[in-house]
Ligand SMILES: Nc1ncnc2c1ncn2[C@@H]1O[C@H](COP(=O)(O)OP(=O)(O)O)[C@@H](O)[C@H]1O
Ligand SMILES: [Mg+2]
């Protein structure tokens, strides 16, 4: 097979600019081969090089005294959780593959992020998924949503990782370009951190896992273009299919192998497969690497060197083994019946050399691919649409006349409705560690001895085995509408709400991983959204003491219908010190006092928290107005106060106000506890808001003023709790009492009542009904 | 009491079973699917997971593993064998239990807590369950719909082999209480000799207050003399 | 040679997938659908040329392993 | 009439199920197995007698709904 001639057209098809091509000539001192052109094109795609985002990512706070491996150093960041233990976590997107083939696209997304985690030497212990789709009235959206959820379920369940938290938003802007962000968290001991580096000249390089096929050719490049009919069609020919069964075996075998100490470096073959893994491991170690493609197991006949290097076949790993210890690799991989092959060696040349059929098809200075990769400071311009957003006022917007209907509608709105249709398809309890299941503000998982990979041989005797338990809380957040309406505030709110959810669970933040889902960075207005939200996220992470330990950028999220709402998804992980601190969102017992921490309505906001709100979208059909203001100090003080109260004992439930405002928060507190299948535990509440003056009724009930948390205590401790909140610097008022069969809200404007059975029905079954219009 | 917990490629509740047994104060060891002996085991648990990816049919490939020959002998000698979830599927495929488990009627995987009624306390898997006590235990499966033909069902009933049924919080057998559409709400059964049992729910995930239920202990403790 | 094996759920066994496909087809406007059965299809490529030996081996595999006689029937063709 | 539809994974697409079944067969001692592909089989019972109309409808359904053209091929027979 002859390689095509290098023409400017071919260079363009590889998404390389003439300037980038010049840079390649300079690095090589000659024309690239066809395979080299392919290698540069994927390595310099946005997906692998972050060429448009690197300058922005540099502004993130990435360190704390707990961060052991920081953002960008390795495949995932690592954070200390005490007692010699650490967690590795990261989020990754699989948006475009999921648009093309929802089930496999989402499934392989899970596979990819799980590999990123065990590559670090950590045992994957839980996953989380953050999803965005168009509106469910569209059958194509239902197909995508159903397929994505089934794909995540298939991969995660079979692998045996609990998917225990996440979020799903539905908005027209995601039609045709769904977002599928998946997160994985793993556990390891400090002395178990593995490196993705090709260390030790002369060390053999092993390929383990299934054979390479033509699947996902140049998937990284595909992710770095707008989603068009044409680009999708190209990708359809080569859809990646995930094999979670294989991944489970590869994971167990790798962890077992790492424990032997025979591994000098390990790297998964994710985006850009063999190319990226060889290049990066050599660049990290400052060595060279030589691989012989004839030794790479191949699934399809007659694959070219270009295809083998660019394939994204799943579940493959590259392992650099200490010379002389090859037998251990063979023994362990044979035990697990896994294919392996010795494909090359570490060298001291600094070159990544690829040979095929006796010919050298690529020879590139590994370090330079990374260090000389282009960086662009894109033009940013404030979008025109913001004028109208800022001009929006409540004048002419009649106050609510029917709060009863409005609350029921909001609870049934798919974005707010219970996501049980999703998470009941995920095995969220496998591994026997799930303490708080999906359905509360944050999920809680315990870490115990069997969460940790096998101990390195010989080391076990030195450091005593961990026999205790640790508790980790997780949540993910991002309200894309807010970010669209004000990217800076929206970015801040995503982080702050995540931190607030953790506080509600009784947890203190450890770190953040983010996934920046945006449109085409060449569009200055879209780049401005990116730049502003990065600034917001960075500021919030600094203020709340949650460093960013890693993440992922997914640009070019636009279909022919236009760009998505900018969606910088934030996943935050926190530590819960004691089991007694674990707090859930639902009301516990009749007679308990309901209190509000925070300002009922932000009266300094001219929109009283209604800008960008779910209420405005659902009831008035408008996605506009500046979102609620997010003062980071107020947030920090509130979270710390809530934690102090929880640590002091006596807080029986805590739920924050987010989409749908106070009324939705109260309703959820009444109806969100589930004891078992078809066995909700519902309990009513009597709320008196008549003392709150000045605000509009819709703003009081459904406004989304930030920094508010509804808590309950026993009646006897309520007064003391209010006094303590005041000392801790947080406004707090009494809202009412738990009990009865209805949520009753009394305001200055009147009294309304909702039987909890009806609220529950609207909220719990909404997604199932929308997904089955035929049976509705 | 010493338990053997089988480990197939892609078993993923094997560690959970080991942990649960240790929580109960007993010992457990993993036995690799290629092993031909169960060692010093006094009881066997075939754990949940997706052995061999559940490819072809759940449990179809695992059933042919060398270790299953050992389990067969162990059962033939009267040893206690409990199959949980995928383990139940494997035991049915292996013919150690009658019937089969097919796709959930919803066609979707279901993970949630369910209520179980113990249909008979006359078995080494149910004998310690307090009378008239419903169990609250998680399920997590895509293919847990129990099927057996009419003569087999009649035999199961006649010989009191149905051990657990899905029920409502009030203990009523209702269709909607079942996560999978099993015939007669069957969640678990035993063989005629009453030393081999299988169930779809996960008792090993319900042995500690921290994870939300301790009802699974009744089942595992029943196995301990 | 090729062994082609079609595995179908026994008539008495609940076939929720068949039911769902039928409903979906009806919902999409297809008429005259009286029943849908969903099964499995296996294609096994075999070396060698002894048809009778292949048939015997594949019959056995189908009966013992590829299908579950409690819930499934199979048809085998050697080509 | 009956429509019989065989749906198989496209050749270029990974078929982990086929691979696993192949390995299992080899472990059980079956020789000469070169490849295994696992697909789906649908049997649709149709009322009426217009074969051509049935074929057209079933072609469309196979393409649009019963198979996933991104990763699967199908064969349709009307009997
Ligand atoms: N895709 C999903 N996967 C798993 N759990 C989910 C998913 N979407 C939502 N959840 C869970 O449902 C609950 C409610 O989610 P959400 O409405 O986003 O809450 P909040 O407003 O507090 O962030 C949370 O426990 C969340 O983790
Ligand atoms: Mg919340």
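The values are calculated or read from the model by the stated rules, or taken from the named source; none is laboratory data. Predicted, not measured: the structure shown is a model, and the values here were computed from it. Backbone-built Cβ (ideal geometry, glycine too); neighbour counts: all protein chains shown.
Would you check if residue A:151 is within 11 Å of another protein chain (Cβ to nearest Cβ), within 16 Å of ligand 1 (Cβ to nearest atom), under 23 Å from residue B:55 (Cα atoms) and not in a strand (DSSP E or B)?
Judged against the criteria, residue A:151 is not a match.
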Over the stretch A:620-633, the set of residues surrounded by fewer than 20 Cβ atoms within 10 Å (Cβ to Cβ) and either within 18 Å of residue A:662 (Cα to Cα) or touching a strand residue (DSSP E or B) at 6+ places or on another chain (Cβ under 7 Å) (or both) is A:629
Check residue D:48 against each of (1) touching a residue at least 12 places away in the same chain (Cβ under 8 Å); (2) under 18 Å from residue B:55 (Cα atoms); (3) at the interface with another protein chain (Cβ under 7 Å from one of its Cβ atoms) and name the one condition it does not meet. (2)
The listed residue being outside any strand (DSSP E or B) and either crowded, with 23+ Cβ neighbours inside 10 Å or away from ligand 2 (no atom under 16 Å from the Cβ) (or both), out of A:695, A:654: A:695
For the stretch A:580-597: of the residues being within 28 Å of the chain's Cα centre (by Cα) and within 15 Å of ligand 2 (Cβ to nearest atom), which is surrounded by the fewest Cβ atoms within 10 Å (Cβ to Cβ)? A:586
I'm checking my understanding of the structure. Among residues of the stretch A:439-455 that are farther than 19 Å from residue A:580 by Cα and either within 16 Å of ligand 2 (Cβ to nearest atom) or free of Cβ contacts under 8 Å to residues at least 40 places away in the same chain (or both), which one is surrounded by the most Cβ atoms within 10 Å (Cβ to Cβ)? A:439
So how many residues does the stretch A:568-613 have that are in a loop (DSSP other than H, G, I, E, B), out of contact with any helix residue (DSSP H, G or I) (no Cβ under 7 Å at 6 or more places or on another chain) and within 16 Å of ligand 1 (Cβ to nearest atom)? 1
Those residues of the stretch B:182-223 which are buried (at least 20 other Cβ atoms within 10 Å of the Cβ) and at positive phi amount to B:185
Can you find a residue in the stretch C:1-17 that is in contact with a helix residue (DSSP H, G or I) (Cβ under 6 Å, 6 or more places away or on another chain) and surrounded by fewer than 19 Cβ atoms within 10 Å (Cβ to Cβ)? yes
Selection from the stretch A:474-498 of residues outside any helix (DSSP H, G or I) and within 16 Å of ligand 1 (Cβ to nearest atom) yields A:474, A:475, A:476, A:477, A:478, A:479
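Mind checking which helices (runs of 4 or more DSSP H) fall wholly inside the stretch A:1-93 and carry at least 3 residues that are without any contact (Cβ under 8 Å) to a residue 24 or more places away in the chain?
So the answer is A:8-13, A:18-28.
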For the stretch C:63-79, which residues satisfy the criterion of being in a helix (DSSP H, G or I) and within 12 Å of chain B (Cβ to nearest Cβ)? C:64, C:65, C:66
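Restricting to the stretch B:69-100, give me the number of residues that are in a helix (DSSP H, G or I) and either more than 14 Å from chain C (Cβ to nearest Cβ) or touching a strand residue (DSSP E or B) at 6+ places or on another chain (Cβ under 6 Å) (or both).
Result for the stretch B:69-100: 15.
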For residue B:45, all conditions in the list (1) within 14 Å of chain A (Cβ to nearest Cβ); (2) at pLDDT 95 or above; (3) not in a strand (DSSP E or B) hold save one; what is the number of the exception? (3)
If we keep only residues of the stretch B:131-159 that are touching a residue at least 40 places away in the same chain (Cβ under 8 Å) and out of contact with any strand residue (DSSP E or B) (no Cβ under 9 Å at 6 or more places or on another chain), then the residue farthest from the other protein chains (Cβ to nearest Cβ) is B:155
Hits in the stretch A:557-578 (condition: in contact with a strand residue (DSSP E or B) (Cβ under 9 Å, 6 or more places away or on another chain) and more than 18 Å from residue A:79 (Cβ to Cβ)): A:557, A:564, A:565, A:566, A:567, A:568, A:569, A:578
Subset tally (residues that are in a loop (DSSP other than H, G, I, E, B) and either within 9 Å of chain B (Cβ to nearest Cβ) or more than 8 Å from ligand 1 (Cβ to nearest atom) (or both)) for the stretch A:410-459: 22
State whether one or more residues within the stretch A:282-296 are surrounded by fewer than 19 Cβ atoms within 10 Å (Cβ to Cβ), in contact (Cβ under 8 Å) with a residue 24 or more places away in the chain and within 24 Å of residue A:46 (Cα to Cα). yes
Could you pull out the residue among A:514, A:565 that is buried (at least 24 other Cβ atoms within 10 Å of the Cβ) and in a loop (DSSP other than H, G, I, E, B)? A:565
Among the residues of the stretch C:18-36, the number that are within 22 Å of residue C:5 (Cα to Cα) and either more than 8 Å from chain D (Cβ to nearest Cβ) or surrounded by fewer than 20 Cβ atoms within 10 Å (Cβ to Cβ) (or both) is 2
Within the stretch B:101-129, which residues are more than 7 Å from every other protein chain (Cβ to nearest Cβ), assigned to a loop (DSSP other than H, G, I, E, B) and in contact (Cβ under 8 Å) with a residue 40 or more places away in the chain? B:104, B:106, B:119, B:120, B:122, B:123, B:124, B:125, B:126, B:127, B:128, B:129
In the stretch C:64-78, how many are surrounded by fewer than 21 Cβ atoms within 10 Å (Cβ to Cβ), out of contact with any helix residue (DSSP H, G or I) (no Cβ under 8 Å at 6 or more places or on another chain) and over 14 Å from residue B:63 (Cβ atoms)? 4
Those residues of the stretch A:513-544 that are within 16 Å of ligand 2 (Cβ to nearest atom) and within 16 Å of the chain's Cα centre (by Cα) come to a total of 0
Matching residues, the stretch C:51-62, being buried (at least 18 other Cβ atoms within 10 Å of the Cβ) and more than 9 Å from every other protein chain (Cβ to nearest Cβ): C:62
Can you tell me which residue in the stretch A:171-204 is nearest to the chain's Cα centre (by Cα), limited to those that are assigned to a strand (DSSP E or B) and surrounded by fewer than 24 Cβ atoms within 10 Å (Cβ to Cβ)? A:189
If you go through the stretch B:14-30 one residue at a time, do you hit one that is in contact with a strand residue (DSSP E or B) (Cβ under 7 Å, 6 or more places away or on another chain), surrounded by 24 or more Cβ atoms within 10 Å (Cβ to Cβ), within 14 Å of chain A (Cβ to nearest Cβ) and free of Cβ contacts under 8 Å to residues at least 60 places away in the same chain? yes
